[in-house]
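Data first, discussion second: the structure below is written as structure tokens.
Rule-based calculations on the coordinates, nothing more; no lab input. Computed from a predicted model, the values in this text were never measured in an experiment. When we count neighbours, we look across all protein chains shown, and the Cβ atoms used for this are built from the backbone with ideal geometry, even at glycine.
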Amino acid sequence: MTLINLKNEENAAYWRVLALAVAAFIFNTTEFIPVALLSDIGKSFAMPVADVGLMMTVYAWVVTLLSLPFMLLTAKWERRKLLIALFIIFIAGHILSVLAWNFQVLLGSRLIIALAHAVFWAITASLVMRVAPKGKQQQALGWLSMGSALAMVLGLPLGRIVGQLLGWRTTFALIGVIALMILILLWKLLPDLPSKNAGSLKSVPILFKRPLLLGVYTMTMLCVTAHFTAYSYIEPFVLQISKMGANLATVVLLLFGVSGMVASALFGRLHQRFPNRFIFTMLILLISSLILLQPLSGNTVAMFGLIFAWGVGMGGLALCMIVRVLQYASDATDVASAMYSGIFNIGIGGGALLGGVVMKQWGLENIAWVGAVLAVLGLVIFAWTNKRFAHTAPKVEQKGGQTPLAH
């Protein structure tokens, strides 16, 4: 059953969590790698950067459209076999990316990858909590988040370096090779995992009657859109507006990843004791960073500090939101997660599209202002729903590493 000699079930559980965290790493890397390669891909196909940004929008909106229906179609599938199938689709998409002879084919390859992504993130948050050691569910979720953050620390900077040295196609090829190794790891480490608490189509109207869950979904859409309005074009922003060199642009991407890891550590230490205060602080960091992006763009040191704070804010906020979704919909985790993934990707695609429009109409230097307004709306939604509907929050036991719903 195992790739290595596992001494006991607890060790086996930790290795399974690690395998899923590594899988999260490669999925997040490929989702956001266009951010690191926009300029190179644009030059390859003689296209403006704003148009190449469609790679982000199309990918995200395909995930949005497919997350719930494909999760429902695969609701009864044994999860280990489903993960293997998803990675086969993922690898096939990257082979087509490497071979893409025009931008339309490249977009098509991203659609294939997005299909795998839609189902992967619909099931993984609940799955990692299932395979976690007893009483370590929140720690396991933190590992999953760490895998996602490492995509920004290692995946994007490394992908950018490889793309600069060997071409962007080589970056996609490398992602495909790593995905093959992860496929083997999952095949060897994971036991059979029958579908559990997946929910069904009947769960959807029930979930939409839960105001706190709807508040999380609305805040997610607003804040993720706010973030990606600016983040999708951070590479050309630091090159053209901040006048940083290519190497410093890579450092900026690295800082986003490091800040995501810091956010994960802070989440583990503080969120359980101060859940609402923690979310509020993360929202303030996000809003402040977007407001200050243009005014501080000419100061490299200040920009590095701002990027770090921005990454901590968004990274911590993303963790808080998925934890709340799982708590508010513990009876239909996969359906709720699929809806969350779809809404998150509405934000990604909408942000990339909105940022492109702002860049064309008002200039690259102004991409963060609209995002700041949306993030403020997200803060208002969070404050109102938690005050108005606090009495509807489910009671969560404060043991076993789970997060209480303190209000």
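Listing for the model above:
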quantity: GNM result for the chain, Cα springs below 10 Å: residue of Ser145, Ser97, Ser330 fluctuating most strongly; calculated: Ser330
quantity: Stokes-Einstein D for segment 323-374, Kirkwood Rh over Cα pairs, 25 °C, 0.890 mPa s (µm²/s); calculated: 193
quantity: Unsatisfied cross-links (Cα-Cα over 31 Å) in the set Lys134/Lys188; Lys202/Lys387; Lys81/Lys209; calculated: Lys81/Lys209
quantity: Kyte-Doolittle mean at least 0.5, axial Cα span of 27 Å or more - DSSP H helices of the chain; calculated: 9-44, 54-73, 79-99, 103-131, 168-189, 211-231, 246-266, 300-328, 333-362, 367-388
quantity: Cubic angstrom per residue, convex hull over Cα atoms of segment 1-145; calculated: 122
quantity: Calculated P(r) of the chain - Cα pairs past 42 Å, %; calculated: 8
quantity: Gaussian network model of the chain, springs between alpha carbon atoms under 10 Å - residue of Gln361, Gln139, Gln327 with greatest fluctuation; calculated: Gln361
quantity: Relative contact order (%) - the chain, alpha-carbon pairs under 8 angstrom, separation at least six; calculated: 27
quantity: For segment 1-157: relative contact order, % (alpha-carbon pairs under 8 angstrom, 6 or more apart); calculated: 40
quantity: Three-way shape label, segment 82-179, alpha-carbon gyration tensor, a/c 1.5; calculated: oblate
quantity: Share of alpha-carbon pairs per 10 Å distance bin for segment 131-245, given as whole %; calculated: 10, 21, 32, 26, 10, 1
quantity: Approximate spin-label separation Leu270-Gln104, in nm, with each point projected 7 Å along Cα-to-Cβ; calculated: 5.0
quantity: Linear extension gain, Phe389 paired with Ala46, 0.36 nm per residue minus alpha-carbon span; calculated: 118.3 nm
quantity: Debye-sum result for segment 138-179 in log10 I(q)/I(0), which assumes one identical scatterer on each alpha carbon, at q = 0.14, 0.15, 0.17 Å⁻¹; calculated: -0.38, -0.42, -0.51
quantity: Order of Thr29, Thr250 - criterion: other Cβ atoms within 10 Å of each residue's Cβ, fewest first; calculated: Thr250, Thr29
quantity: Residue with peak Gaussian network fluctuation, the chain [Cα springs, cutoff 10 Å], from Gly347, Gly42, Gly142; calculated: Gly42
quantity: Cross-link reach list, aspartates and glutamates versus Lys360, counting only Cα pairs under 12 Å and skipping chain neighbours closer than eight places; calculated: Asp51
quantity: Taking Asp334, Asp51, Asp40 and counting other C-beta atoms within 10 Å, the order from fewest to most; calculated: Asp51, Asp40, Asp334
quantity: CD proxy at 222 nm, helix term only [per DSSP H run n ≥ 4: -39500 (n - 2.57); per residue of the chain; nearest 500]; calculated: -25500 deg cm²/dmol
quantity: Dipole magnitude of segment 9-392 about its Cα centre (Cβ charges: Lys, Arg +1; Asp, Glu -1), debye to nearest 20; calculated: 820
